[in-house]
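The values are calculated or read from the model by the stated rules, or taken from the named source; none is laboratory data. None of the values given here were measured: they were computed from a predicted structure. Because the Cβ atoms are built from the backbone with ideal geometry, glycine has one as well, and the counts that use them run over all protein chains shown. These accessible areas exclude ligands, DNA and RNA; they are computed on the full protein's heavy atoms, side chains included. Shrake-Rupley method; radii C 1.70, N 1.55, O 1.52, S 1.80 Å.
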Amino acid sequence: MTLRNKKIILAITGSIAAYKAALIVRGLIKAGAEVQVIMTAAATDFISPLTLSTLSKRPVYSSARGEDDWNNHVELGLWADAMLIAPITANTLAKLANGHCEDMVGAVYLSARCPVWFAPAMDLDMWAHPATQANVAKLQSYGNHLIDVADGELASGLSGAGRLAEPEEIIAVLESHFGHETDLAGKKVLVTAGPTYEALDPVRFIGNHSSGTMGVEVAMAAARRGAEVELVLGPSRLKPVHPKLNVTHVISAREMYAVCTNRWPATDIAVMAAAVADYRPATVAEEKIKKKGGADESFSLELVRNPDIAATLGADKRKGQLLIGFAMETENGPANARRKLVDKNLDAIVLNSIREEGAGFGEGTNKVAIITADRERKYSVKPKTAVAKDILDVVVELQA
Ligand code: C5P
């Protein structure tokens, strides 16, 4: 009952994903929350207010209905501990970004004093459009929290970014906000995330498929739990925003190394989730490298080792500092992870196997084991938001 007695406004707008709102209501109620559903007129075409009022055990307020609604939006805005807009359409994003309030959702949004989360759902091209992206950035600049879209099959038949985050993930975000509001308060947390790009010449690089999601989730969860978070992020499309989060963008392993070694002395907890390139080209050509011979020409590249950031921090670790690493293994996972735990002087290592279904790069979910000197904790496949919470729970336990 992690959301016991929390008052949550769930605003539903007119996307086909609105049917998932039933699962969100059920999940929130199961977690102990009181849920007040409000809907746009368009949303009522996709899911019946009767379904939602039955699940939430409260009348549903929608702009489609008459004056006898509880249309005192100010009162509703003051009542809530959180407002969740899920799904939010491109249209409602545009309206809220510009302060329009001709319907219930807009009016309550403007009146709400509580934190606001929004989970978009739309077709991939609508999501990718610069107008939509600008509206998302605007809402984030007002301090509202994005629950990012997932990648996958869309109702249009196309496939790509634009799916509503899974209801379980949406609920995990709220749980991590309310469940542990302050157990990392005052702590300085350093997180690395994303890939690194190692330049070959001005246009080419060696990189990897890391999306940065896992580390960004850890950084956001730590910020929500009260920590001051420094996120050192390799090239990634993610743009996390939180008042307690400072993001430094880097490209190469050596840049990431420089930022991390500089911050480490003032850090309490470091979580190294980046997929750092182990090697980089020995030289970076000043001009674009040209092919020379015919079709059978070969080209070999000399690579040199990059510094190991985690191992460097581990070698310099003071009493009281915690260092958490990740291991992505294709074979002998636990044994290799345990060796890295010792070699890099880590306090815990998060093992994920890319061979496991639902684990690894780019997926919204992950399946991990967290290994410490004395224990191996195994977890089921879950959204990365929920994995981030598990990792921080272990951190808090290790600090005790
Ligand atoms: O040795 P391996 O690359 O498997 O170790 C993975 C862990 O070490 C991750 O936590 C990763 O972020 C970190 N690492 C690092 N610097 C490197 C290589 C890995 O910080 N050059």
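Just a few scattered comments:
- Ellipticity estimate at 222 nm from DSSP helix runs (n ≥ 4, -39,500 (n - 2.57)) divided over the chain, nearest 500: -9500 deg cm²/dmol
- Here the 3J(HN,Hα) profile of region 296-309, calculated from phi with Karplus coefficients 6.51, -1.76 and 1.60 at θ = phi - 60°, is 9, 5, 10, 9, 10, 10, 8, 10, 10, 6, 8, x, 8, 5 Hz, Gly and Pro shown as x.
- Plainly put, region 123-166 has a radius of gyration that is 1.01 times its Kirkwood radius, both from alpha-carbon atoms, as the Rg/Rh ratio.
- Straight Cα distances below 23 angstrom link Lys317 to the lysines Lys187, Lys188, Lys340, Lys344, with same-chain residues fewer than 8 positions distant left out.
- Ordering Asn336, Thr312, Ser298 by Cα displacement along the dipole of region 188-399 toward the positive end leaves Thr312 in first place; charges were set at the Cβ atoms of Lys, Arg (+1) and Asp, Glu (-1).
- Leading residue at positive end of dipole, region 221-279 (Cβ point charges), from Ala266, Ala221, Met256: Ala221
- Solvent-accessible surface (1.4 Å probe) assigned to Leu50 amounts to roughly 120 Å².
- Value of D in µm² per second that Stokes-Einstein yields for region 188-399, Kirkwood Rh from Cα pairs, at 10 °C (1.306 mPa s): 89
- Accessible surface computed residue by residue for the chain, with neighbouring protein chains in place and a 1.4 Å probe, gives 46 Å² per residue.
- Shown are Val189, Val74, whose ranking by accessible area with a 1.4 Å probe and every protein chain present, most to least, is Val74, Val189.
- Annotation: Glu376 carries an accessible surface of approximately 80 Å², with a 1.4 Å probe and no ligand, DNA or RNA atoms counted.
- Annotation: peptides 273-281, 222-230, 378-386, ranked by per-residue average of other Cβ atoms within 10 Å with the highest first, follow the order 222-230, 273-281, 378-386.
- For Leu231, nonlocal amide neighbours, meaning residues 5 or more places apart or on other chains whose placed amide H falls under 5 Å from its own, are Val191, Asn246, Val247, Thr248.
- With all protein chains in place and a 1.4 Å probe, the accessible surface of the chain carries 51 percent carbon and sulfur.
- Degrees, to the nearest 10: 213-224 long Cα axis against longest axis of the chain: 60
- Derived scalar couplings ³J(HN,Hα) [region 125-138; Karplus, 6.51 cos²θ - 1.76 cosθ + 1.60; whole Hz; x for Gly, Pro]: 6, 5, 5, 6, 4, x, 5, 5, 4, 5, 5, 4, 4, 5
- Considering only alpha-carbon pairs that sit under 8 angstrom and 6 or more positions apart, the relative contact order computed for the chain is 11 percent.
- Distance from region 285-320 to region 89-104 (C-alpha centre basis), Å: 48
- Whole-Hz couplings from phi, Karplus 6.51/-1.76/1.60, listed for region 47-62; x for Gly and Pro: 8, 6, x, 4, 4, 6, 6, 5, 5, 8, 6, 9, x, 9, 9, 9
- Here Thr54 sits with roughly 90 square angstrom of accessible surface, probe radius 1.4 Å.
- For region 188-399, the share of DSSP beta bridges that are antiparallel, to the nearest 5, is 35%.
- Which of Pro130, Tyr109, Pro120, positive extreme of dipole for region 7-179 (C-beta unit charges): Tyr109
- Annotation: amide H of Lys7 within the under-5 Å range of Glu34, Asp81, Ala82, sequence separation 5 or more or interchain, hydrogens built in the peptide plane.
- Between the amide H of Ile147 and those of Phe118, Ala119, distances stay under 5 Å, these residues lying 5 or more places away or on another chain, with hydrogens modeled in the peptide plane.
- Range of Cα positions in the chain per principal axis (Å), largest first: 74, 58, 34
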